[in-house]
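Colleague: My questions all concern the structure below.
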Ligand SMILES: NC(=O)c1ccc[n+]([C@@H]2O[C@H](COP(=O)([O-])OP(=O)(O)OC[C@H]3O[C@@H](n4cnc5c(N)ncnc54)[C@H](O)[C@@H]3O)[C@@H](O)[C@H]2O)c1
């Protein structure tokens with residue numbers, strides 16, 4: 001990929017369209033409103049709080065990322081979205097019960113003005129949900145054209161000069177790539193024939209990409225991981241990234257596992273279990289949706305630990321992940337990890353993690369960062385898979401001949417070096433030999 005020579009400055013409004021207006025999306029929207037009104041801090045957001053070192057350690061140049069790369073300021077973001085429930089973002093946020101009533105009250109006016117457009121929804125792909133705010137059309141192709149029209153109309157109405165679409169919708173049933181996904185042409189024919197391997201999330205992605213609009217996938221759905229989408233993203237200059245926001249248990253896993261491996265500490269097993277009681281948890285009760293999530297959660301350890309390179313340390317790891325829907329907890333998930341490790345001469349030890357987290361509080365800043373970075377990527381002339389955004393995902397996308405990079409610290413370095421590269425700054429290797437000449 002060529003280094004961008006110019007990055008178009010952000011002018012006008014940036015339209016943010018969320019597919020799904022549930023817990024994550026409304027916590028994201030409410031947060032942006034509170035932050036814009038100086039009523040809260042953007043904690044957890046790399047674009048808002050992160051800094052980046054430039055040049056040598058002796059130069060003392062460490063600007064905020066948002067001052068280094070031309071990101072759109074939060075004041076320019078305008079929001080819309082789709083959902084099968086007709087509730088406004090305020091009603092949906094109240095239902096999700098993530099934010100306190102004080103915070104909700106502060107964001108009420110803003111959230112009440114965001115009403116979801118009709119969803120392209122099909123119960124065959126999310127079995128536990130049913131709602132009235134859905135599109136009706138002859139076939140999947142016509143549904144996708146309606147979504148394209150929604151994007152164009154939203155853009156006009158909100159006077160957005162650019163848009164980004166981000167999937168904050170439910171986890172769909174487990175699908176694998178098939179012939180119909182192999183080319184853009186076959187995919188289009190498949191939509192016209194209502195092919196069952198084409199899920200609603202793919203219709204949104206198709207509509208966004210063919211409108212030249214970047215698309216991020218916050219769920220573990222197959223959506224973008226098919227050649228047809230990648231072909232279209234190149235053709236329409238749309239940056240894409242996914243999948244599945246890296247929050248909670250997997251975030252901790254990708255912090256701990258690289259540390260154990262760096263010190264050559266062995267692993268016998270990693271048992272992860274969760275209780276959560278939000279709508280996401282309810283959807284994941286369906287075994288077919290759970291399978292999609294499970295696949296996404298299981299991959300990280302295998303890639304980080306490289307058992308083929310270290311058979312004595314990681315050749316026989318027992319890795320299990322469980323999710324239990326437990327309504328009393330709402331969005332406040334509890335995740336337990338039991339980690340069986342071994343050290344010098346094979347002596348066993350254990351680590352126990354008990355993470356009392358808040359799912360949407362962890363996911364909302366990622367949605368913000370992804371929207372701003374995808375818009376930046378597009379203005380820098382980048383398109384297709386944005387591997388440098390792996391930092392935000394449980395199951396990062398990469399070129400077909402590569403393996404994904406899961407180690408959070410390598411992901412962070414990759415992201416910051418990409419920003420330096422975009423801006424023509426020297427890349428930082430952390431060698432540091434020049435300080436000792
Ligand atoms: N919160 C986290 O930490 C986290 C982490 C990783 C991934 N995720 C994923 O993010 C997604 C959103 O999570 P959430 O907690 O906000 O869930 P949620 O159930 O509160 O919200 C999802 C919303 O999407 C809507 N929806 C489903 N299918 C749709 C369609 N085809 N079109 C339009 N709307 C549709 C649902 O009606 C619902 O309102 C889930 O897939 C979840 O697995 C969340």
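Colleague: Tell me the volume per residue, in Å³, of the convex hull enclosing the alpha carbons of region 290-353.
Modeller: On the way: hull volume 6.9 nm³, N = 64.
Here the figure is 108 Å³ per residue.
Colleague: At 0.36 nm per residue, and after removing the present C-alpha to C-alpha distance, how many nm does the segment from residue 342 to residue 268 gain when stretched out fully?
Modeller: Values: separation 74, 0.36 × 74 = 26.64 nm, distance 0.73 nm.
Using 0.36 nm per residue and subtracting the Cα-Cα distance, I get 25.9 nm.
Colleague: In percent, what relative contact order does the chain have, based on Cα pairs under 8 Å that are 6 or more apart in sequence? Please list the in-between numbers first.
Modeller: Working: 877 pairs, mean separation 86.3, N = 437.
Answer for the chain is 20 percent.
Colleague: Would you please state the base-10 log of I(q)/I(0) at q = 0.10, 0.13 1/Å for region 17-173, with intensities from the Debye formula using one equal scatterer on every alpha carbon?
Modeller: Reported log10 I(q)/I(0), two decimals: -0.45, -0.71.
Colleague: What per residue convex hull volume, in Å³, do the alpha-carbon atoms of the chain yield? Provide the component values of the computation, followed by the final result.
Modeller: Working: hull volume 66.1 nm³, N = 437.
It comes to 151 Å³ per residue, whole-number rounded.
Colleague: If the chain between residue 157 and residue 410 were fully stretched, how many nm would it gain, using 0.36 nm times the residue separation less the Cα-Cα distance? Each step should come with its number before you reach the end.
Modeller: Details: separation 253, 0.36 × 253 = 91.08 nm, distance 4.11 nm.
Stretched fully, the residue 157-residue 410 segment lengthens by 87.0 nm.
Colleague: Given 0.36 nm per residue, what is the gain on full extension from residue 435 to residue 38 after removing their alpha carbon distance, in nm?
Modeller: Details: separation 397, 0.36 × 397 = 142.92 nm, distance 4.17 nm.
Full extension of this stretch gives 138.7 nm more.
Colleague: Additional query: Quick one: if you stick a label point 7 Å off each Cα along the C-beta vector at residue 401 and residue 57, how many nm between them?
Modeller: Each label point is offset 7 Å from its Cα along the Cβ direction, giving 3.7 nm.
Colleague: For the chain, give the share of DSSP beta bridges that are antiparallel, in percent and rounded to the nearest 5; count only bridges with both residues there.
Modeller: Details: 21 of 52 bridges.
For the chain, the DSSP antiparallel bridge percentage is about 40.
Colleague: What is the order of 347, 436, 314, fewest Cβ neighbours within 10 Å to most? Walk me through the numbers before you get to the answer.
Modeller: Details: 347 9, 436 5, 314 21.
Going from sparsest to densest Cβ surroundings: 436, 347, 314.
All of the numbers you see were taken from the coordinates with simple rules; none came from a lab. Since the structure is predicted, the reported quantities are computational estimates derived from the model, not experimental observations. Glycine gets a Cβ as well: all are built from the backbone with ideal geometry, and neighbour counts include every protein chain shown.
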